[in-house]
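Worksheet: one structure, shown below.
The values are calculated or read from the model by the stated rules, or taken from the named source; none is laboratory data. Note that the coordinates shown come from a computational prediction; the quantities given were computed from them, not determined experimentally. Cβ sites come from the backbone with ideal geometry, for glycine too, and all protein chains shown count toward neighbours. Accessible surface is based on the protein model in full, side chains and every heavy atom, while ligands, DNA and RNA are left aside. Shrake-Rupley method; radii C 1.70, N 1.55, O 1.52, S 1.80 Å.
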Amino acid sequence: MKIMYSIYSESSTYLPADNWDPKNGSYYTRNVLFNFSILLGILQLLIIYWFVLVLRIVYRVIFLSNLEDSRSDSESDGNDDENKRSMKEKKTE
């Protein structure tokens, strides 16, 4: 959050406000600053969400000793009844 605040408040110190001069390679405006801040905020929220997911996994491993893999081993498309029938047929052969 400090980085976002610093970008928004201190950028005018180092870059002149509304400096739109494509001939010289300067494309900085308040809209650019606003859009950059929004995208950086979304990225920061995504990183916090991933961090919370990692902490939940670490908590489960350390305190609950739950080391099971809850993912399915089969590559089914959702038709479990058909898969069970085909496996029964293979066993009987």
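I'd like to check something: does the stretch 63-74 contain any residue that is loosely packed, with under 10 Cβ neighbours inside 10 Å and at pLDDT 80 or above?
Residues of the stretch 63-74 loosely packed, with under 10 Cβ neighbours inside 10 Å: 63-65, 67-74.
Among the residues that remain, those that are also at pLDDT 80 or above are: 63-64.
Yes, because at least one residue in the stretch 63-74 is loosely packed, with under 10 Cβ neighbours inside 10 Å and at pLDDT 80 or above.
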Pairs please, first residue from the stretch 26-48 and within 14 Å of Ile3 (Cβ to Cβ), second anywhere and open to solvent by less than 70 Å² (accessible area, probe 1.4 Å) and of a type in the set (S, T, N, Q), Cβ atoms under 8 Å, 6+ apart in sequence or on different chains. Leu33/Ser11
Filtering the stretch 16-37 down to residues that are open to solvent by 80 Å² or more (accessible area, probe 1.4 Å) and of a type outside the set (D, E, K, R) yields Trp20, Asn24, Tyr27, Asn31, Phe34, Asn35, Phe36
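Return yes when Leu55 is open to solvent by less than 100 Å² (accessible area, probe 1.4 Å), modelled with pLDDT of 70 or more and under 30 Å from Tyr8 (Cβ atoms) and no when it is not.
Values: open to solvent by less than 100 Å² (accessible area, probe 1.4 Å): yes; modelled with pLDDT of 70 or more: yes; under 30 Å from Tyr8 (Cβ atoms): yes.
Judged against the criteria, Leu55 is a match.
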Kindly evaluate Glu82 against the criterion of being at pLDDT below 85 and loosely packed, with under 10 Cβ neighbours inside 10 Å. no
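Among residues belonging to the stretch 1-30 that are assigned to a loop (DSSP other than H, G, I, E, B) and not hydroxyl-bearing (Ser, Thr, Tyr), point out the one that is nearest to Ile48 (Cα to Cα). Steps first, answer last, please.
Taking the stretch 1-30 first, the residues assigned to a loop (DSSP other than H, G, I, E, B) are 1, 15-18, 25, 29.
Of the ones still in play, those that are also not hydroxyl-bearing (Ser, Thr, Tyr) are 1, 15-18, 25.
Working: Met1: 12, Leu15: 30, Pro16: 32, Ala17: 31, Asp18: 32, Gly25: 34 Å.
Per the criteria, the residue is Met1.
Take the stretch 43-52 and flag every residue that is open to solvent by 100 Å² or more (accessible area, probe 1.4 Å) and either of a type in the set (A, V, I, L, M, F, W, C) or outside any helix (DSSP H, G or I) (or both). Don't jump to the end; show me each part of the working.
Narrowing the stretch 43-52 to residues open to solvent by 100 Å² or more (accessible area, probe 1.4 Å): 45, 49-51.
Correct list: Leu45, Trp50, Phe51.
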